[in-house]
Amino acid sequence: MKIRVLHCISDSNIGGAGRLLLHLLRHFDKDVFDVTAVVPKGSALVPRIEECGIPVIETEHGRDASHDRGGITELCGIMRRVKPHIVHTHSSLDAKIAAWLCGVKCRIYTRHSVFDPPRRLTTFPGKQIAGAVNNTLATRIIAVAQAAADILTATGVREDKITVILNGVEPLTPSTAEECVALRRELGFADTDFVCGISARMEPYKGHSYLVETARAVCAVRPDAKFLVMGTGTTYEETVRLAREAGLDGKMVFTGFVTDVVPYYSIMNLSLNCSWGTEATSLALIEAMSLGLPAVVTSFGGNPGVIEDGVNGFLVPEKDSDAMAAAILRIMEDPALYDTLSAGAKTRFGERFTARAMTEQLETVYKEEARRGGFLH
């Protein structure tokens with residue numbers, strides 16, 4: 001008998017959680033697991049999941065909302081019909097509650113984010129209440145970074161319920177040399193320019209204002225340095241303005257939202273992450289690592305689990321533009337160091353961050369839960 005797994009996600013677009021789900025669905029052992037996905041009606045995930053050969057159930061409720069009036073009832077109906085052995089939820093409180101109400105023995109959810117919890121959830125009685133809810137609704141919780149696990153325990157979750165499984169992705173195939181030359185020219189970069197790139201949603205906690213200060217400091221020393229900023233968000237216009245005021249026109253280039261990051265990663269020399277308010281296991285960092293790109297990142301959240309100082313990049317304190325600039329300049333001015341960090345990036349990716357490695361770890365958790373629930377012997 002196959003183990004029936006029901007994945008529930010509330011995303012209408014393909015964000016970090018959705019991308020991870022797609023990686024998992026591509027690699028599941030279909031001889032062992034019978035997987036179905038539940039997503040909001042019309043979600044951009046629907047055709048991508050179907051391409052993986054996975055059945056999709058579309059819901060009327062829960063679009064981009066962890067809780068939606070009517071969502072629990074709808075999901076209970078789906079679960080009673082599918083009769084899953086395991087329900088695995090992603091950002092859906094309604095699905096957690098529905099699985100508990102339906103008596104599903106194996107209830108798993110993934111903590112995808114790393115936000116510092118408010119004090120009310122780490123002190124009495126909020127910690128006890130939050131812990132009781134999570135410990136009741138989930139039989140196992142997947143944390144995508146050690147920092148996420150630490151936050152869970154700080155808010156009352158039992159340590160024995162938590163398993164850390166770092167995010168994994170498919171290795172990227174770089175663009176051709178000709179394509180790289182063409183894109184560099186399109187962006188105004190010379191073939192010899194050293195391109196530092198960041199791919200992140202532009203929100204205050206992603207630290208783009210500090211990136212502007214970093215770029216100004218680096219470019220003052222190395223005019224051949226260029227900064228490529230991929231993404232959009234609430235701070236986009238402000239960051240463009242700050243860059244212009246810093247005299248970085250032509251040196252700091254903004255692409256806006258990018259559907260295919262591969263061409264841009266292919267012309268980059270260094271990957272950056274400036275987060276100070278939320279960061280789990282950055283998909284952008286590990287995708288760049290698959291191409292051998294070292295990184296300079298803040299030591300916030302899950303970044304230290306991805307970048308090992310001096311092995312595949314450097315860690316710097318959060319909100320410290322001078323430290324980030326110094327690390328970038330150190331790498332730029334030492335080609336032998338760059339080569340060492342680049343090799344370290346490829347090695348570390350292959351050892352820890354492939355989609356297959358992530359899926360195998362999750363399959364182990366599923367089998368453990370299935371044995372506990374009496375579905376696998």
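So the values come out like this:
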item: Set Leu285, Leu341, Leu329, Leu291: member being crowded, with 21+ Cβ neighbours inside 10 Å and more than 27 Å from Thr163 (Cβ to Cβ); result: Leu341
item: Pairs with Cβ under 9 Å, 6+ apart, first in the stretch 275-290 and assigned by TED's automatic domain parsing to the domain that holds Ser321, second basic (Lys, Arg) and part of a loop (DSSP other than H, G, I, E, B); result: Trp276/Lys319
item: In the stretch 170-209, the residues that are closer than 27 Å to Thr354 by Cα, among the hydrophobic types (A, V, I, L, M, F, W, C) and without any contact (Cβ under 8 Å) to a residue 60 or more places away in the chain; result: Ala177, Met202
item: Residues being over 30 Å from Ser275 (Cβ atoms) and either touching a residue at least 24 places away in the same chain (Cβ under 8 Å) or of a type in the set (Phe, Trp, Tyr) (or both) - total across the stretch 75-106; result: 19
item: Candidate set: the stretch 37-52, residues that are free of Cβ contacts under 8 Å to residues at least 24 places away in the same chain and of a type outside the set (Val, Ile, Thr); chosen: the one nearest to Asp94 (Cα to Cα); result: Lys41
item: Hits in the stretch 347-375 - residues which are touching a helix residue (DSSP H, G or I) at 6+ places or on another chain (Cβ under 7 Å) and over 30 Å from Lys83 (Cβ atoms); result: Arg348, Phe349, Phe353
item: Condition met for Gly313 (at pLDDT 95 or above, surrounded by 15 or more Cβ atoms within 10 Å (Cβ to Cβ) and on the phi > 0 side of the Ramachandran plot); result: yes
item: One residue from Ala326, Ala370, Ala355 being hydrophobic (A, V, I, L, M, F, W, C) and under 30 Å from Ala225 (Cα atoms); result: Ala326
item: Filtered residue count, the stretch 251-287, keeping only those that are closer than 23 Å to His23 by Cα and of a type in the set (Phe, Trp, Tyr); result: 3
item: Options Ser10, Ser43; residue that is over 18 Å from the mean Cα position of the chain (by Cα), crowded, with 19+ Cβ neighbours inside 10 Å, in the same structural domain as Ala145 (by TED's automatic domain parsing) and of a type in the set (Gly, Ala, Ser); result: Ser43
item: Any hit, the stretch 347-361, residues being at pLDDT 95 or above, more than 30 Å from Asp34 (Cα to Cα) and surrounded by 17 or more Cβ atoms within 10 Å (Cβ to Cβ); result: yes
item: Of all residues in the stretch 23-36 being free of Cβ contacts under 8 Å to residues at least 60 places away in the same chain and in contact with a Leu (Cβ under 7 Å, 6 or more places away or on another chain), the one that is farthest from Ile3 (Cα to Cα); result: Thr36
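Each row is one residue, and each column tells you yes or no for (1) more than 23 Å from Leu376 (Cβ to Cβ); (2) in contact with a His (Cβ under 6 Å, 6 or more places away or on another chain); (3) surrounded by fewer than 16 Cβ atoms within 10 Å (Cβ to Cβ).
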site: Arg63; (1), (2), (3): yes, no, no
site: Thr73; (1), (2), (3): yes, no, yes
site: Arg80; (1), (2), (3): no, no, yes
site: His85; (1), (2), (3): no, no, no
site: Ile97; (1), (2), (3): yes, no, no
site: Lys105; (1), (2), (3): no, no, no
site: Ala143; (1), (2), (3): yes, no, no
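Condition check ((1) of a type in the set (A, V, I, L, M); (2) under 19 Å from the mean Cα position of the chain (by Cα); (3) under 23 Å from Met252 (Cα atoms)) across all residues:
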{"position": "Ser271", "(1), (2), (3)": "no, yes, yes"}
{"position": "Thr278", "(1), (2), (3)": "no, yes, no"}
{"position": "Leu283", "(1), (2), (3)": "yes, yes, yes"}
{"position": "Gly292", "(1), (2), (3)": "no, yes, yes"}
{"position": "Val306", "(1), (2), (3)": "yes, yes, no"}
{"position": "Asn312", "(1), (2), (3)": "no, yes, no"}
{"position": "Asp320", "(1), (2), (3)": "no, no, yes"}
{"position": "Ala323", "(1), (2), (3)": "yes, no, yes"}
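The values are calculated or read from the model by the stated rules, or taken from the named source; none is laboratory data. Everything numeric in this text was worked out from a predicted model, so none of it was measured. We place every Cβ from the backbone using ideal geometry, glycine too, and count neighbours over all the protein chains shown.
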